[in-house]
Amino acid sequence: MTFANNAYLLLLLLIIPAVVWYVLRGRKRKATLMIPSTGMFSGIGRSWKSYLMHLPFVLELVAFAMLAIILARPQTTDRWQDTEIEGIDIMMCMDVSTSMLAEDLKPNRIEAAKSVAADFINGRPNDNIGLSIFAGEAFTQCPMTVDHAVLLNLFHSVSSDIAANGIIEDGTAIGMGLANAISRLKDSQAKSKVIILLTDGSNNRGEISPLTAAEMARSFGIRVYTIGVGTNGTAPYPVRSSFGVQYVNMPVEIDEDVLRQIASTANGQYYRATSNSKLKDVYEEIDKLERTKLQVKEFSKNQEVYQPFAMVLLLSLLLIILLKQTILKTIP
């Protein structure tokens with residue numbers, strides 16, 4: 001909470017001399033009724049009303065304090081502001097073809113990739129990160145953003161069901177996926193622009209070849225890090241049948257030569273992840289990328305929040321009037 005008129009808060013200092021004055025006045029106050037001796041009243045205890053004598057003064061101090069705070073105009077501060085942070089522009093390009101359901105990584109390739117990538121995103125809070133996904137065709141799941149909460153929500157919704165259910169064409173269009181990520185980065189003003197491409201297969205779809213897309217990336221100054229995910233040999237793949245889900249050992253066919261050429265052409269590096277731990281190691285190594293400064297515009301606005309203080313002020317005044325006209329009423 002902030003105050004638009006901080007100077008009015010100095011009025012609260014007046015409470016101190018007011019308390020001192022009240023205490024001194026109470027000590028000097030003379031009795032209204034003079035009697036020769038109070039011995040006859042020695043057995044009489046103090047009335048409960050005597051405990052309320054000082055309550056109006058306390059309420060007056062509360063009312064005065066609330067008035068000073070209201071005059072200071074308490075606000076919640078929100079406004080547009082430009083901030084400069086350290087970070088780079090990153091597009092994560094992920095294969096979501098049905099082969100990513102293979103369970104050589106746990107619980108399967110796509111869930112393992114999502115988990116490790118989410119940790120990578122959480123570890124880079126200042127980076128401008130987006131997500132592109134591809135199977136037989138490609139599209140942007142999330143444009144580049146520093147709002148990683150939104151990115152992670154969209155990231156967690158990614159699954160191979162969109163290819164398995166025919167929402168998009170199944171297959172592996174590496175070139176199309178890479179080109180889609182490039183389209184999001186090509187106009188970036190960041191000094192460092194990176195694509196992290198993860199796949200478990202070889203290019204068999206799409207109108208753009210992977211090496212053509214790699215040349216495009218290099219022309220725009222974009223580095224491409226490629227990751228081939230999957231064990232060597234075969235991998236258990238779930239197949240639905242009338243008897244339930246059965247597993248078939250499918251050969252792992254990753255076109256490592258093409259992934260190496262993409263990384264080499266676009267000044268990146270190729271990695272092979274054959275297990276969850278190795279996939280995590282890959283992202284940790286990529287996490288050592290250099291950083292550059294980004295301009296980020298944040299929105300906020302000012303909102304007056306005097307209402308609670310006004311309610312306390314009004315309640316205090318009503319209680320003072322009520323007490324002085326009833327229980328603590330004095331006779332002239």
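The values are calculated or read from the model by the stated rules, or taken from the named source; none is laboratory data. Quantities reported herein were computed from a predicted structural model and do not represent experimental measurements. As a convention, Cβ positions derive from the backbone with ideal geometry for all residues, glycine included, and neighbour counts pool all protein chains shown.
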Worksheet item: If you go through the stretch 104-131 one residue at a time, how many are under 17 Å from Thr231 (Cα atoms) and out of contact with any helix residue (DSSP H, G or I) (no Cβ under 8 Å at 6 or more places or on another chain)?
Response: 3
Worksheet, complete the sentence: Conditions (1) outside any loop (DSSP other than H, G, I, E, B); (2) within 23 Å of the chain's Cα centre (by Cα) -> Asn180 fails only (2)
Worksheet item: Hey, does the stretch 286-297 have a residue that's at pLDDT below 90 and among the polar types (S, T, N, Q)?
Response: yes
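Considering each residue of the stretch 216-235, count those that are within 14 Å of Val194 (Cα to Cα) and not hydroxyl-bearing (Ser, Thr, Tyr), and give that number. Spell out the reasoning first.
Pass one, the stretch 216-235, residues within 14 Å of Val194 (Cα to Cα): 216-227.
Next, from what is left, pick out any that are not hydroxyl-bearing (Ser, Thr, Tyr): 216-218, 220-224, 227.
Total satisfying the criteria: 9.
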Discussion item. Given (1) surrounded by 17 or more Cβ atoms within 10 Å (Cβ to Cβ); (2) more than 15 Å from Ile168 (Cβ to Cβ); (3) of a type outside the set (Ser, Thr, Tyr); (4) more than 27 Å from the chain's Cα centre (by Cα), identify the lone condition not met by Lys106.
Written reply: (1)
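Are there strands (runs of 3 or more DSSP E) fully within the stretch 28-119 with at least 2 residues that are touching a Lys or Arg at 6+ places or on another chain (Cβ under 8 Å) and at pLDDT 65 or above? List them.
Working: elements: 74-76, 81-87, 89-95.
So the answer is 89-95.
For the condition aliphatic (A, V, I, L, M) and in contact with a Leu (Cβ under 6 Å, 6 or more places away or on another chain), what is the one hit in Ala163, Ala213, Ala217, Ala149?
Ala213
For Ala149, are the conditions met, namely being of a type in the set (A, V, I, L, M, F, W, C), crowded, with 18+ Cβ neighbours inside 10 Å, in the same structural domain as Ala163 (by TED's automatic domain parsing) and part of a helix (DSSP H, G or I)? Even if it seems obvious, please write down each step before you answer.
On the way: of a type in the set (A, V, I, L, M, F, W, C): yes; crowded, with 18+ Cβ neighbours inside 10 Å: no; in the same structural domain as Ala163 (by TED's automatic domain parsing): yes; part of a helix (DSSP H, G or I): yes.
In short, no.
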Discussion item. Just checking, does the stretch 182-196 include any residue being touching a helix residue (DSSP H, G or I) at 6+ places or on another chain (Cβ under 8 Å), free of Cβ contacts under 8 Å to residues at least 40 places away in the same chain and among the β-branched types (Val, Ile, Thr)?
Written reply: no
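In the stretch 234-282, how many residues are outside any strand (DSSP E or B) and either in contact (Cβ under 8 Å) with a residue 24 or more places away in the chain or of a type in the set (A, V, I, L, M, F, W, C) (or both)?
In the first step, residues of the stretch 234-282 are kept if they are outside any strand (DSSP E or B); the result is 242-243, 252-269, 274-282.
Subsequent filtering for residues that are either in contact (Cβ under 8 Å) with a residue 24 or more places away in the chain or of a type in the set (A, V, I, L, M, F, W, C) (or both) retains 243, 252-256, 258-263, 265-269, 274-276, 279-280, 282.
Matching residues across the stretch 234-282 total 23.
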Discussion item. Going residue by residue through the stretch 197-216, is there one that turns out to be outside any strand (DSSP E or B), among the acidic types (Asp, Glu), at negative phi and surrounded by 18 or more Cβ atoms within 10 Å (Cβ to Cβ)?
Written reply: yes
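Could you tell me how many of the residues in the stretch 219-233 are assigned to a strand (DSSP E or B) and either in contact with a Ser or Thr (Cβ under 6 Å, 6 or more places away or on another chain) or closer than 22 Å to Asp161 by Cα (or both)? Working first, answer last.
First pass over the stretch 219-233, keeping only residues assigned to a strand (DSSP E or B): 222-229.
Now drop any that are not either in contact with a Ser or Thr (Cβ under 6 Å, 6 or more places away or on another chain) or closer than 22 Å to Asp161 by Cα (or both), which leaves 227-229.
Qualifying residue count for the region: 3.
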